[in-house]
Amino acid sequence: MSYRVRVWTQWAGYFLLVMSPSLLVVLWLVFGVRLNRGLQSVLIVVALAGFVGAQGTVEKLRSVAEDDKIRSWLAAARRRDKTTVGAMIDDDPLPAEMGKQAHWRRIDGDKLERALARILRRLGRRVQRAGDLRHKGIDLVVDGSTIVQFTADGKRATSLEVQGLYAVRRSYPVCRTAFLVSPKGFARGARKHADDTSMILLDAGNIARLVRDEELV
C-alpha cells in the first residue's frame, strides 16, 4: 500500500472516529436520547481525540500533495537537460538512513544543506551556493533557476517565511521555482501561501519519500 493511500485511510478512520460519537452526542442533545454519564464522557473524549488526529492527518495530506509538485519540477528539469553531464552526478551511494523521515528531523544547519545538495546532485541537478543571493536568505541555487532556502535553527516554517521567499522569487525573473526546506514541518496557515506551483515546501517526509521513490538508497 502506498504512503498516499495509507494517509487517506488514516484520515478516513479519524473522520469516522469523530463522526460516530458526534452523531450520538447530537441524538443525546437534540432528541433527548438517554445516555448514561460515563458513556457521555467517553463519547466526548473519543470525538476530541478523533478531531485532533484528523487535524494531524490533514497536514500529512498537504505534505503528500507537495510530492506531486516535486515530481513535476524534476520531470521538467530532466526534459530541459535531455542529457546529463557526468560531472554533475555524485555517484557515491547514499546512506540508507536518508530514506527515513526521522533522519531528516534530526539534522539542520550546514549538515542539512550538504545532505540535500548531495541528493539533488544524485538526481543530475547542478547545485551551487547562493553567492550574491545569500543576503536575501537564499542558501542554494539549483540549475541556475531554482532557489532553495532552509529554515533557521530547525524550526517549523511560518507563513511569513513562505511569503518572504515568494517575494524573493518574484523579484528575480530568472528564478522559476523556490524551495522552502523545513524538516520539522510548517506552521498552520503556511501552506496556503504556497499554492502557486512555483513554490515547493519540503518537510522531512517529502525528502525521505523523494530518496526512496528515486531509489537513491
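Under the condition of being assigned to a strand (DSSP E or B) and exposed (fewer than 14 other Cβ atoms within 10 Å of the Cβ), the residues counted in the stretch 91-147 number 2. The residue list 192, 184 contains one member that is under 17 Å from the mean Cα position of the chain (by Cα), within 21 Å of residue 112 (Cβ to Cβ) and of a type in the set (D, E, K, R), which is 184. Just to be sure, is residue 168 over 29 Å from residue 97 (Cα atoms), crowded, with 16+ Cβ neighbours inside 10 Å and over 19 Å from the mean Cα position of the chain (by Cα)? Considered against the rule, which asks whether it is over 29 Å from residue 97 (Cα atoms), crowded, with 16+ Cβ neighbours inside 10 Å and over 19 Å from the mean Cα position of the chain (by Cα), residue 168 comes out as yes. Looking only at the stretch 145-173, residues that are within 17 Å of residue 135 (Cβ to Cβ) and among the aliphatic types (A, V, I, L, M) come to 6 in all.
Every number here is computed from the coordinates shown, using simple stated rules; none is lab data. Computed from a predicted model, the values in this text were never measured in an experiment. Please note: Cβ atoms are built from the backbone with ideal geometry, for glycine as well, and neighbour counts cover all protein chains shown.
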